[in-house]
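Below is one structure, written out as structure tokens, with a few remarks after it.
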Amino acid sequence: MGKNIRVAEVTNLLQLNKDFISKVKMNTLFNENPNRFKDFSIKYSGILFDYSKNRINHETMELLIRLAKNCNLEQKRDDMFSGEKINFTENRAVLHTALRSKSSSPLIVDGVDVRPLVKEELDHMEAFSDSVRNGEWKGVNGDTITDVVNIGIGGSYLGPDMVCNALRAYSDRNIKMHFVSNVDGADLAETLIKLDASKTLFIIASKTFTTKETIMNANSAKSWFIKETGQNDISKNFVALSTNEKSVSEFGIDKENMFKFWDWVGGRYSVWSSIGLPIAISVGMDNFYKFLDGAYSMDYHFQQAELSKNIPVIMGLLGYLYNNIWNLQSYAVLPYSQYLSKLPSYLQQLDMESNGKRITKTGHRVSIGSGPVIFGEAGTNGQHSFYQLLHQGTKIIPADFIAFKQNLRGNANHHTTLLSNFIAQTEALMIGKTRNKVLKEMRAKGFKETEIERQVNHKIFEGNRPTNSILIDKLTPFSLGELVAMYEHKVFVQGVLWDVNSFDQMGVELGKVLAVQIEDEIRRKEADEINHDCSTVALIKELL
Ligand code: F6P
């Protein structure tokens, strides 16, 4: 039987299963099976992944695993790890996993063993970050570095920013980290206001070193630095993270101060590469190695664990279930940790730039939806913002709740309150509140029957909202590495199920090209009426 037919058959069975499950309350499923938590949870390393509060039964999971097998998930996973050119539109290997691997057996890409290259660059990062941290590295006037400004956007910003924020408790507080990404001049200007040029290290992070926003910000930073210090020598205050040696040296950065990575590292998967230099400076190379080790641990789990006990596989399959069988469009990521407040933004790029695709490997349109809309916010902040919609809105939004058992900083009392909210929300989303319960409560409070009738419907919660609970022992560089790699592999699994290329990003091109044309028209002070619709022309003219 052909692959497509097998996939279609499982999809039909999943649809029938959904028709049944949609009539059953999750609560009932829990009452019927006291082992439901045990059956639908996985423990790996310091992570407890509880997926029992989902709209599933054993049949659902068996069908999903069958689907994964029919889509050759295991073979495709192994192809990625072994350096096959699975980024088929750009003809590139996808080897961010090599950046954190502990294997010493050669890994050949285009005739070159990449293992020694990775090691060499890690050594380079270690020597440099150590010298900045211990004060040996001096700025142009002989000053110790007190501030680091990372100039980069997308994958050259979101990962390092998210991780530096997440690992603040492990950071050297004498070195302040800043991130400038937006081409809005205010971003750079507001950052520079506070800084002493000679004590500032600029890290220009760009895989291609052609990204307009980054190059513009880098040039403006260079002009500011030269003006402030009165020196043309930028070699002590500017370094680059890139794959493009030629453009880096044209910008004026010494080859010695360029930290390399390679085209087989996708931008949104590059936090493990030299793009992680700000992290190494902030928390030290030992902690950066632990971060890599955590990711390696998750790679190991993803490769070794059987599909039904494999956290990223189950996460990917559940996401597929809601997206494609339940036709739900959105997905929320809700970390109950202020340290992880930037995780949702990071995952937006990881997930939406990877699987926001509509054409399959065979060149056809995907038959059903691909990547979901990802959004989120740290708990408990989100509870006072959009959770209303999660609880009582007409849309069902599956969600990942993430928390750490141990408190890192601050009053332990707060942590108990935080974790109580983490647990209470998933329970509330599942059990909801019935009409009878609302009536009982209102009567107990002495409301008049007319008032009860007026309010009762507004107080009912349907419940049955699906969630995963991800409870991790403690936020450490290691566990953060595991968590981030877990989401990378979840995204990979879904890309396989949809048969899309999760590793290119052609969709960002069109806007970029048009922006160049419009910028030219604005600068020439004329809008080309032939090439634009009347709205676009009017907007340009309004500016002129
Ligand atoms: O938004 C498109 C994109 O190419 C991302 O994939 C990438 O992370 C970002 O731009 C930045 O690219 P670069 O690191 O080459 O400056």
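Every read-out reported here was derived from the displayed coordinates using simple, explicitly stated rules and does not represent laboratory data. Note that the structure is a prediction, hence the values are computed from the model and not measured. Reconstructed Cβ throughout: ideal geometry from the backbone, glycine too, with neighbour counts over all protein chains shown.
Quick notes on this structure:
- Nearest 10 degrees, 0 to 90: helix 435-444 Cα axis against the chain principal axis: 80 degrees
- Net charge, GLY155 excluded, C-beta distance under 10 Å - Lys, Arg +1, Asp, Glu -1: +1
- Counting charges near TRP264 (Lys, Arg +1; Asp, Glu -1) among other residues having Cβ under 15 Å from its Cβ returns a value of -2.
- Cβ-based exposure ranking for CYS164, CYS534, in which fewest neighbours within 10 Å come first: CYS534, CYS164
- Cα gyration tensor category, rounded, prolate or oblate, for the chain with a/c compared to 1.5: prolate
- Entry note, the chain: relative contact order of 18 percent, from Cα contacts under 8 Å with a spacing of 6+ residues.
- From phi via Karplus (6.51, -1.76, 1.60), per-residue ³J(HN,Hα) for segment 126-133 in Hz, x at Gly/Pro: 5, 4, 5, 5, 4, 5, 6, 5
- Longest stretch of the chain clear of exposed loop sites (GluC sites (Glu not before Pro), DSSP loop, at most 12 other Cβ atoms within 10 Å, sites excluded): 307-525.
- Farthest positive-ward along the chain dipole, Cα basis, beta-carbon charges - from LEU122, PRO344, ILE193: PRO344
- For segment 29-86, the convex hull spanned by the alpha carbon atoms encloses 104 Å³ per residue.
- Per DSSP, loop trypsin sites (Lys or Arg not before Pro) in segment 400-480 with at most 12 further Cβ within 10 Å: ARG409, LYS445, LYS448, LYS474
- Around ASN457: net Lys/Arg minus Asp/Glu count, Cβ-Cβ under 12 Å: +2
- Cα centroid separation - segment 234-264 against segment 434-466, whole Å: 64 Å
- Cα shape, segment 290-381, gyration tensor, a/c 1.5 rule: oblate
- Most positive-pole-ward Cα, ILE396, THR60, HIS458, against dipole of the chain from beta carbon charges: HIS458
- Whether segment 330-444 is rounded, prolate or oblate, judged on the alpha carbon gyration tensor where a/c under 1.5 counts as rounded: oblate
- Cα-based reach from LYS290 at 19 Å (exclusive), listing aspartates and glutamates while leaving out same-chain residues under 8 positions away: GLU120, GLU121, ASP123, GLU126, ASP130, ASP161, ASP172, ASP299, ASP473, GLU482, GLU488
- Estimated at 0.36 nm per residue, the fully extended path between ALA515 and GLN231 surpasses their Cα-Cα distance by 98.8 nm.
- Considering only TRP326, MET177, TRP224, and ranking their Cα positions along the charge dipole of the chain that arises from unit charges at the beta-carbon of Lys, Arg, Asp and Glu, the one farthest toward the positive end is TRP326.
- Low-density loop cleavage sites - trypsin sites (Lys or Arg not before Pro) in segment 1-87, where at most 12 other Cβ are within 10 Å (DSSP): LYS23
- Residues whose placed amide H lies under 5 Å from that of ILE402, excluding near-sequence neighbours: LEU334, TYR336, ILE470
- PHE30, PHE503 arranged by Cβ crowding within 10 Å, fewest neighbours leading: PHE30, PHE503
- For segment 270-286, putting each phi into the Karplus relation 6.51 cos²θ - 1.76 cosθ + 1.60 with θ = phi - 60° gives couplings of 9, 4, 7, 9, 4, 4, x, 3, x, 5, 4, 5, 6, 10, x, 5, 4 Hz, in residue order, rounded to whole numbers and with x for Gly and Pro.
- Electrostatic dipole magnitude of the chain [Cβ: Lys, Arg +1; Asp, Glu -1; Cα centre; debye, to 20]: 2140 debye
- Backbone amide hydrogens, once placed in the peptide plane, bring SER41 within less than 5 Å of TYR51, excluding anything fewer than 5 places away on its chain.
- Relative exposure of HIS58, HIS532, judged by other C-beta atoms within 10 Å (fewest first): HIS58, HIS532
- Segment 498-544 - charge dipole about Cα centre, Lys and Arg +1 at Cβ, Asp and Glu -1, debye rounded to 20: 220 debye
- Amide H to amide H, with H built 1.01 Å from N, ALA205 comes under 5 Å of ILE151, GLY152, LEU241, counting only residues 5 or more places away or on other chains.
- 3J(HN,Hα) couplings calculated from phi for segment 55-60 with the Karplus curve 6.51 cos²θ - 1.76 cosθ + 1.60 (θ = phi - 60°) are, in sequence order, 7, 9, 10, 4, 4, 4 Hz; Gly and Pro show x.
- Helix-only mean residue ellipticity at 222 nm for the chain, each DSSP H run of n ≥ 4 adding -39500 (n - 2.57), per residue, nearest 500: -14500 deg cm²/dmol
- Whole-number percent relative contact order across segment 58-111, with pairs defined as alpha carbons under 8 Å at least 6 apart: 23 percent
- In nm, spacing of pseudo-spin labels at ASN141 and ALA444 (7 Å Cα→C-beta vector): 6.9 nm
- Counting only DSSP beta bridges with both residues in the chain, the antiparallel share comes to about 35 percent.
- Legend: distances between Cα atoms for LYS18/LYS85; LYS69/LYS119; LYS236/LYS260; LYS138/LYS176; LYS342/LYS490; LYS119/LYS490; pairs beyond 25 Å are LYS18/LYS85; LYS69/LYS119; LYS119/LYS490.
- Cα-centred dipole magnitude for segment 260-349, charges only on beta-carbon of K, R (+1) and D, E (-1), debye, nearest 20: 180 debye
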